[in-house]
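The values are calculated or read from the model by the stated rules, or taken from the named source; none is laboratory data. What you see is a predicted model; the values in this text were computed from it and never measured. Here the Cβ positions follow ideal geometry from the backbone for every residue, glycine too, while neighbour counts run over all protein chains shown. Just the protein is used for accessible areas: all its heavy atoms, side chains included, with ligands, DNA and RNA removed. Shrake-Rupley method; radii C 1.70, N 1.55, O 1.52, S 1.80 Å.
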Amino acid sequence: MADTVLFLHAFPLCRDMWREQIEVLEAAGKRTVAHNLPGFGGEEGAISSLPETAEWILERVPTGPLDAIGLSMGGYLLMELLRQDPLRFDRVVLADTTARADTSERVAQREEQARRALTEGVGFLIADASQTHPPLTAQRASKMIYQASREGVAGALHAMAARVDSRKDLPKLGERAIVIVGENDTVTPPDTARELAKALGSPLHVLPNAGHLSNLDAAEAFNDVLLNFLT
């Protein structure tokens, strides 16, 4: 297994979402890399497409081999990285994400959210977080969402809406990959995670009492899975 672990954050958060996971892996002797994606966490620019953002990431990380973790949008990017440069990666963790493309209904929702972000700002996403996540997770997520730019949020939404279906493109990684999902995830629920694990030929870990941001809702359980898999 690789010495370096790459973290890819969820929408519309930033690399700080991985703070606890980075701490436990570095304590176990791993090197970690976690960038703020364009438009998030104070990073300039905006995501134009997932393929171009994957290229942006590959220019900024070691040549490999790398272990990698992606949650939600970070998972979409990790699947794109596997498509572009599969030999760069050793072990892979896909959390609370899906290999499916968006439905037409979901595309329309994202386009409306992008319009709102550009005209209203990111406040509505903070309000959504307070209604969707447990109080402590919502509080932490809100601080990260506040750092996202309007253009960054809109760009990421357009990019996610345009992403391709990855189910047929995913390599059979077997024991080199795991899938993690919160049992209460309503965005990419356990059945969706089960489909992804089957496509990879990999184990599935369902975390009790966790939702879509399972690494924040159930940090201890999430960290235990990571340590067992990556060390």
Roughly how many nanometres apart are two label points built 7 Å out from the Cα toward the Cβ at Leu87 and Val164? 2.1 nm
Inter-probe distance in nm under a simple model that places probes 7 Å from Cα toward Cβ, at Val61 and Lys143: 2.6 nm
Let me have the relative contact order for region 47-105, percent, based on Cα pairs under 8 Å that are six or more residues apart. 37 percent
Which of the lysines could a cross-linker bridge to Lys198, judged by Cα under 24 Å and excluding same-chain residues fewer than eight apart? Lys168, Lys172
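Give the ranking of Tyr76, Tyr146 by solvent-accessible surface, highest area first, calculated with a 1.4 Å probe.
Descending order: Tyr146, Tyr76.
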Within region 135-231, report the trypsin sites (Lys or Arg not before Pro) that DSSP leaves as loop and that have at most 14 other Cβ atoms within 10 Å. Lys168, Lys172
If I build a Gaussian network model for the chain, linking alpha-carbon pairs within less than 10 angstrom, which residue out of Phe11, Phe124, Phe89 has the largest mean-square fluctuation? Phe124
Using a 1.4 Å probe and counting only protein heavy atoms, arrange Glu20, Glu55 so the residue with the most accessible area comes first. Glu55, Glu20
Stick to the Cα atoms of region 4-230, pair each with every other, and give me the Kirkwood hydrodynamic radius in Å at one decimal. 17.3 Å
I'd like the accessible area for Arg106: 1.4 Å probe, protein heavy atoms, all chains in place, Å² to the nearest 10. 70 Å²
Put a dot 7 Å past each Cα toward the Cβ at Glu26 and Thr132; how far apart are the dots in nm? 2.8 nm
Taking only Cα atoms and a 10 Å spring cutoff, compute GNM fluctuations for the chain and point out the largest among Gly39, Gly75, Gly64. Gly64
With runs of 4+ DSSP H residues as the only contributors, calculate the mean residue ellipticity of the chain at 222 nm using -39,500 (n - 2.57) per run, divided by the residue total and rounded to the nearest 500. -14000 deg cm²/dmol
I need to check one value: relative contact order of the chain, counting alpha carbon pairs closer than 8 Å and at least 6 residues apart, in percent. 23 percent
I'd like the accessible area for Thr192, computed on protein heavy atoms only with a 1.4 Å probe and all protein chains in place. Round to 10 Å², please. 30 Å²
